[in-house]
Amino acid sequence: MSAFDGRSAVRDGRSAAASARPGRRMSPGALLTLIGTGAATAAALGFIGAPTPMRLDIPLIAHLAGLLAGYGVVVMVALMSRVPALERGVGADRMARWHGWGGRLVIALILIHGIAATIGWMQLRGLDALSAMVEVIGLPWIGAATVASVMLLGIGYASMRAARRKLGYENWHLIHLATYVAIGLSFPHELAGPDLAGIPVFQVFWSLLYTISFGLLLRYRVLEPLLQFLRHRMRVERVVTEADGVTSIVIRGRHLPELQAESGQFFRWRFLTRTGWRAANPFSLSAPPSEHHLRLTVKAVGESTRAIQTMKVGTRVFAEGPYGAMTEHRRTGSGVLLIAGGVGITPMRALFESLDIDGDQLTLLYRASNEAEIIFRDELEEIAIHRGAHLIYVLGPSADPANAMSGRNLAGWVPDLADRDVYMCASPRFSEAARAGLREAGVSASRVHQEEFAF
């Protein structure tokens, strides 16, 4: 471990980038309350049409599971619509986790709905399972809904981590687009089902839910990026080698303050070359955004990232964003510890410069295998001097107890750690060790801020 201490230098106050006006935000709690209220309303539709006296029997279970599955689809689409208020307030990685959990729940509800509906038809018609299944599938729109269910099961399997790794990002993304075809096939069955059929008010309400969710999807995942592309006209201005296998891409554009981007956020970048346009890679800003420039920094870990490092000056850039909630807004106290591992330094370097905080309350802890792997060393040391902040390098083998992210080591490096907010960007293994050490040092989980974008 080595330290570079800039406390004796004169600090000029906060970075100009920190003064950018933040956009609207919705908190995680508010979003969960909204989702829960909608789920209760959807379930109520099943109870309204239930015969009296009401019993929790097979038909009612089928109706409730179907309604909640249909509502769950609306929520899944909305979570991935990239609405700025949700991206800034909830965070892209948290919504992605909710989307993953919710997707599994929706598939389970679809299976429950199908099985319960078939059993109910068996009881009503006095048929065996196979005959009941054939009759049910032959009912209006249920055949299409059955195809949709099979498609969703296949997409769910493709979304499992082991399958994703074999498919690769581009193929997985293409398969995932089939979700929208499945939703289209199942929607007529939802409107024609016994809970909504013949009740125009319910049908209009259900249609509005789908219209709003798909409207948000089109607005923020199609129209907004296209309008930004035309408005900001981003191009690669410089390609800078930072370290072995690590390259920064400096993007120049027009009217960039309109994006309201902040340090700690990321964009999904498409470089419009013959092959590069297909991949939308999430990379954080590695410097605070300025009036005309954005900077991202990429480590070569695969085919697409190696191609980015050889990008030609003048290449046009299609950028979606900004996204992410790991910003100044998350801070709750007066002190901050930034923890970076390897190329995870990129968002931490931007925050190190722009956080609106006294320099002596700001510490950056940077873990690297050796000095040659330190990225932005000159920039980091200049910022530390300029701001009077603390910069700690943790170098050497991870097996060395002196380099461990233990509570004892962390508290030794940052004595007032328990009173600070912690921002972190590193590999999953390093992050897990750091989180355990932070808990041991008395840091509340609510004060640890991190976003992960692993495929």
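The values are calculated or read from the model by the stated rules, or taken from the named source; none is laboratory data. It should be emphasised that the depicted structure is a prediction, and the values quoted were computed from it without experimental measurement. Here Cβ is always computed from backbone atoms with ideal geometry, including for glycine, and neighbour counts include all displayed protein chains.
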query = What single numbered condition from (1) in a helix (DSSP H, G or I); (2) buried (at least 19 other Cβ atoms within 10 Å of the Cβ); (3) aliphatic (A, V, I, L, M) fails to hold for LEU364?
reply = (1)
key: Residues located in the stretch 68-83, provided they are within 12 Å of the chain's Cα centre (by Cα) and surrounded by fewer than 23 Cβ atoms within 10 Å (Cβ to Cβ)   = MET80, SER81, ARG82, VAL83
task = Select, from ILE61, ILE115, the only residue that is at negative phi, in contact with a helix residue (DSSP H, G or I) (Cβ under 7 Å, 6 or more places away or on another chain) and in the same structural domain as LEU218 (by TED's automatic domain parsing).
result = ILE61
key: the stretch 367-407: number of residues that are buried (at least 17 other Cβ atoms within 10 Å of the Cβ), farther than 16 Å from GLY344 by Cβ and of a type in the set (D, E, K, R)   = 1
task = Only strands (runs of 3 or more DSSP E) wholly contained in the stretch 246-293 count here; list those with 3 or more residues that are under 20 Å from GLY89 (Cα atoms) and β-branched (Val, Ile, Thr).
result = none
inquiry  = Out of ALA178, ALA197, ALA192, I need the residue that is at pLDDT below 90, touching a Pro at 6+ places or on another chain (Cβ under 7 Å) and closer than 18 Å to GLY70 by Cα. Which one?
reply    = ALA192
request  = Pull up the stretch 97-110, narrow it to residues that are in contact (Cβ under 8 Å) with a residue 24 or more places away in the chain and aliphatic (A, V, I, L, M), then point me to the one that is surrounded by the fewest Cβ atoms within 10 Å (Cβ to Cβ).
outcome  = LEU105
request  = With respect to ARG278, determine if the residue is among the basic types (Lys, Arg) and modelled with pLDDT of 95 or more.
outcome  = no
ask   = Out of curiosity, is MET348 part of a loop (DSSP other than H, G, I, E, B), buried (at least 23 other Cβ atoms within 10 Å of the Cβ) and not assigned by TED's automatic domain parsing to the domain that holds VAL240?
value = no
query = Which residues, counting only those in the stretch 294-317, are hydrophobic (A, V, I, L, M, F, W, C) and either part of a helix (DSSP H, G or I) or closer than 30 Å to MET424 by Cβ (or both)?
reply = LEU294, LEU296, VAL298, ALA300, VAL301, ALA307, ILE308, MET311, VAL317
query = Which of (1) in contact (Cβ under 8 Å) with a residue 12 or more places away in the chain; (2) within 25 Å of SER284 (Cβ to Cβ) does ALA418 not meet, given it meets every other one?
reply = (2)
